[in-house]
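The values are calculated or read from the model by the stated rules, or taken from the named source; none is laboratory data. Since this is a predicted model, take the numbers as computed values, not measurements. Positions of Cβ are backbone-derived with ideal geometry, glycine not excepted, and every protein chain shown enters the neighbour counts. All accessible areas refer to the heavy atoms of the entire protein, side chains included, with ligands and DNA or RNA removed. Shrake-Rupley method; radii C 1.70, N 1.55, O 1.52, S 1.80 Å.
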Amino acid sequence: MPAPGAALPRATLAPLPTPLHHLPRFSAAVGAEIWMKRDDVGSVGLAGNKVRKLEFVLGAARHDGADAIVIVGAEQSNACRAAAAACAQLGLRCVLVLSGDPPDRATGNLLLDRLCGADVRFAGTTEWGGLAEAADRVTAELHAAGATPSTLPVGASSPLGAVGFAVAWFELLEQLDALDVAAATVVHASSSGGTHAGLVAGRRLTGRGPRVRAIGVADDIYPDMPARYAELATGAAQLLGADGAIAEDEVWLDMGFLGGGYAVPTAEAVEAIRLLARTEGLGCDPVYSGKALAALVAAARAGDLDDCATVFWHTGGYHALFAPRLRDAVVGDA
């Protein structure tokens, strides 16, 4: 079944398809058959799930004549790092509006933002409303200076951004079929919802495939997270020719592994990250993918996974491991 979306403007950024492979030693350690979809693979700036969304969002922005991009996020935002790298590749000006105050020095994703030439502005607030207002001011400033800016949603998660993961669903099914792997569940990290919504939309379009289980790593981006995810999924599916709405009960969002909140590492995530690294030599971060990995480990050890395979969709983010606070939380005295 050919993937949809060929008629939509698209900027080619990602090395697709990303690999799908078995994790034999990790599987043995948790007692379940685990496969990994490697969206962490890519260049240092262009790796992670945000890149699939940016292919369509930036493709549309360029098609509409934009020459500058504005996007908001946290200091270690994967979306902002990927946007900075993508804009460098496409020749677009990139302005990042980041939460809080500037750190003493740039590390992790922030270091890559600056390396890629992004114009980094710190908003002095961690409230999403305040960040949106700051982005509006930057957009107005760019307009006044004669630029044609495009302001992206948080995480590049719009219906168009979610199209990137609806297309990715077709990619996954093709790989599972070629490998003759029967998978019951896909587990992944979710915050702004574009990845989750796109996968759900892809499942609606194909009418088959594993269940999609999203592990929430932020709880304050939208007033009603499942409702917004369902709205994004519906919009993505409709952009690709589907009829009807996707209901909230088709959106499986597990908030049980959030811990103290966004970007606050948990003991379960740290344990899961260390286990993956020491059995397979692969890295996850404690902000995004590590919390989803913790949910997967817990489900496997509790016997809550089906007898067939489970796919862990690695959404990237390992760059944040090099930020001192997160590095120390994961490595500690280990």
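So the values come out like this:
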item: Added length on full extension, which subtracts the Cα-Cα distance from 0.36 nm per residue, residue 111 to residue 43; result: 23.0 nm
item: Straight-distance crosslink candidates among aspartates and glutamates, where the alpha carbon sits under 18 Å from residue 50 and sequence neighbours closer than 8 are dropped; result: 39, 40, 75, 113, 171, 285
item: Per the chain, cysteines lacking a partner by the 4.7 Å Cβ criterion; result: 80, 116, 284, 308
item: Nonlocal amide H pairs with residue 120, under 5 Å, H built at 1.01 Å; result: 96
item: Dipole magnitude of the chain, debye to nearest 20 (Cβ charges: Lys/Arg +1, Asp/Glu -1, about Cα centre); result: 680
item: Accessible surface, per residue, of the chain when the full set of protein chains is kept, probe 1.4 Å, Å²; result: 39
item: Charged-residue dipole, Cβ positions (Lys, Arg, Asp, Glu), the range 181-334 about Cα centre, Debye nearest 20; result: 380
item: Karplus-derived HN-Hα couplings along the range 90-106 (A = 6.51, B = -1.76, C = 1.60, θ = phi - 60°), whole Hz, x at Gly and Pro; result: 8, x, 9, 6, 10, 10, 9, 9, 9, 6, x, 10, x, x, 4, 8, 7
item: Dipole of the range 1-141 [Lys/Arg +1, Asp/Glu -1 at C-beta], most positive-end residue of 66, 4, 128; result: 4
item: Interchain or long-range residues, amide H under 5 Å from residue 74's placed H; result: 99
item: Residue 322 versus residue 132: modelled label distance in nm, points set 7 Å from Cα along the beta carbon direction; result: 3.4
item: Considering only the chain, percent of DSSP beta bridges that pair antiparallel, nearest 5; result: 10
item: Of 38, 81, 105, the one that fluctuates the most in a GNM where the chain has Cα springs shorter than 10 Å; result: 105
item: Assigned charges on the beta-carbon of Lys, Arg, Asp, Glu; the range 77-130 dipole about Cα centre (debye); result: 180
item: Max mean-square fluctuation residue, GNM over the chain, Cα-Cα springs under 10 Å, options 43, 191, 157; result: 43
item: Farthest positive-ward along the chain dipole, Cα basis, beta-carbon charges - from 262, 303, 24; result: 24
item: Stretchable slack from residue 119 to residue 249, in nm (0.36 nm times residue separation minus alpha-carbon distance); result: 42.8 nm
item: Rounded, prolate or oblate (a/c below 1.5 giving rounded, otherwise prolate when a/b exceeds b/c) for the chain by Cα gyration tensor; result: oblate
item: Note, ³J(HN,Hα) from phi for the range 319-329, Karplus 6.51, -1.76, 1.60, rounded to Hz, x at Gly and Pro; result: 4, 5, 4, 8, 7, x, 4, 6, 4, 5, 5
